[in-house]
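Input: a single structure, listed below in structure tokens.
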């Protein structure tokens with residue numbers, strides 16, 4: 001009896017021990033596989049070189065939609081390949097509800113330029129679509145005739161005054177892919193019907209570094225293919241060359257196809273366009289500022305549009321300590337006041353500040369609203385000034401501007417999408433614009449005194 005009972009007990013014990021060992025071996029193998037797939041905290045993989053991540057290939061990349069002519073009847077697209085693609089082409093068709101548009105489009109041969117950029121040269125291709133119908137949807141793709149991008153869709157502007165919505169952002173500049181991408185994507189989520197995105201300079205930190213432009217294009221991704229971009233250059237698009245002179249980066253004119261209707265020699269940096277009752281003017285605040293003042297005065301003297309919005313990089317009402325641009329203000333503000341420009345959208349100071357309808361620190365009612373904003377993660381100290389209706393530090397922001405008839409509605413939102421600033425601007429015949437500021441939560445996003453230890457570069 002003892003033997004009969006003991007044998008099963010021993011067998012069961014051995015079997016349980018064996019199953020336990022098998023389970024632990026299985027757990028050990030699983031843990032090893034997980035460790036390979038998911039390194040434990042503190043372990044680092046080998047960093048992929050930026051030159052590898054952003055190197056050009058035969059397939060199109062960095063596809064971006066801009067205007068070089070009338071937004072109602074034209075569109076421009078620019079893209080990049082490696083140098084093996086010597087000639088390129090774009091196809092365009094009227095958008096339809098199904099796939100049959102593919103048989104109804106036509107091809108446009110691209111203009112191709114070589115871009116010498118570390119770690120290797122690339123080819124940049126551009127096409128201008130003309131003869132388009134106003135307020136109509138089109139689809140396009142780019143390639144070499146055998147290898148193509150996806151089909152992308154856009155809508156032309158209306159031919160006359162119509163409700164207009166667009167997004168405005170200040171400096172993206174640093175850590176663009178990791179820190180700016182969520183902001184620009186959230187901006188598109190908030191305003192998916194935006195006609196364009198206005199960039200107020202310093203799109204990147206080092207204008208001659210190709211990988212930073214790769215980050216900028218990658219951060220917005222397909223948004224750049226379907227929403228038009230309207231950029232103005234900042235000082236970081238003017239790197240110091242071997243001759244110790246600041247010059248516009250070679251990337252600018254090759255990767256953006258923009259209007260060439262400004263001062264000769266400042267093509268595609270100083271330009272203007274009319275869209276749906278609004279005149280948009282890009283001034284190049286980096287060079288030839290006095291000449292642009294005279295040019296702007298002449299341009300606005302015959303302006304038939306109801307609304308006028310200027311963009312340039314260096315603010316004439318500064319928000320950051322020690323960065324007041326007195327000379328630029330003396331040259332440009334009299335022209336702005338004379339023509340009662342509605343809004344001036346700038347960057348550069350890595351803080352946020354927005355005025356009432358004043359013409360600067362004097363408090364004279366001129367009808368102009370000045371804005372300084374920042375969308376990237378680089379932040380400076382704010383210097384509070386009497387002209388500021390609303391201000392912020394350490395806050396990434398995008399702005400959505402909607403214009404309809406005699407009213408302009410403005411919203412500034414954080415990277416999370418939270419409303420931070422808002423107002424409505426109304427046209428009053430024969431008088432300065434009237435502003436209605438929204439009721440906004442206090443306190444503002446401002447640093448404590450002990451937090452103001454930051455270096456300004």
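The values are calculated or read from the model by the stated rules, or taken from the named source; none is laboratory data. All of these numbers come straight from a predicted model, not from anything done at the bench. In this analysis, Cβ positions are derived from the backbone assuming ideal geometry, glycine residues included, and neighbour counts consider all displayed protein chains.
For the reader, a short list of remarks on this structure follows.
- Residue that is part of a strand (DSSP E or B), touching a residue at least 24 places away in the same chain (Cβ under 8 Å), touching a helix residue (DSSP H, G or I) at 6+ places or on another chain (Cβ under 9 Å) and on the phi < 0 side of the Ramachandran plot, where the choices are 272, 252: 272
- Among the numbered conditions (1) more than 30 Å from residue 446 (Cβ to Cβ); (2) at pLDDT below 95, the only one that residue 296 does not meet is (2).
- Every residue from segment 396-414 that is buried (at least 20 other Cβ atoms within 10 Å of the Cβ) and outside any strand (DSSP E or B): 396
- Yes/no for residue 113 being over 19 Å from residue 63 (Cβ atoms) and part of a strand (DSSP E or B): no
- When segment 305-337 is filtered for residues that are touching a helix residue (DSSP H, G or I) at 6+ places or on another chain (Cβ under 6 Å) and either part of a strand (DSSP E or B) or closer than 17 Å to residue 367 by Cβ (or both), the ones remaining, listed by number, are 316, 332, 335.
- When segment 129-143 is filtered for residues that are buried (at least 16 other Cβ atoms within 10 Å of the Cβ) and in contact with a strand residue (DSSP E or B) (Cβ under 7 Å, 6 or more places away or on another chain), the ones remaining, listed by number, are 129, 132, 138, 139, 140, 141, 142, 143.
- Residues in segment 408-438 that are touching a strand residue (DSSP E or B) at 6+ places or on another chain (Cβ under 9 Å) and over 24 Å from residue 350 (Cα atoms): 408, 424, 425, 426, 427, 428, 431, 432, 433, 434, 435, 436.
- All of 264, 292, 305 fail the test of being in the same structural domain as residue 383 (by TED's automatic domain parsing), surrounded by 23 or more Cβ atoms within 10 Å (Cβ to Cβ) and over 23 Å from residue 387 (Cα atoms), apart from 292.
- Selection over segment 228-248 of residues that are touching a helix residue (DSSP H, G or I) at 6+ places or on another chain (Cβ under 7 Å) and either farther than 21 Å from residue 347 by Cα or surrounded by 22 or more Cβ atoms within 10 Å (Cβ to Cβ) (or both) gives a count of 2.
- Any hit, segment 166-178, residues being without any contact (Cβ under 8 Å) to a residue 40 or more places away in the chain, more than 19 Å from residue 251 (Cβ to Cβ) and not assigned by TED's automatic domain parsing to the domain that holds residue 85: yes
- Residue check for residue 126: closer than 25 Å to residue 267 by Cβ, at pLDDT 95 or above, outside the structural domain of residue 221 (by TED's automatic domain parsing) and touching a strand residue (DSSP E or B) at 6+ places or on another chain (Cβ under 6 Å): yes
- Unique residue being modelled with pLDDT under 95, assigned to a loop (DSSP other than H, G, I, E, B), outside the structural domain of residue 273 (by TED's automatic domain parsing) and more than 27 Å from residue 165 (Cα to Cα) when the list is 51, 41: 41
- Residue that is in contact (Cβ under 8 Å) with a residue 24 or more places away in the chain and within 30 Å of residue 307 (Cα to Cα), where the choices are 82, 135: 135
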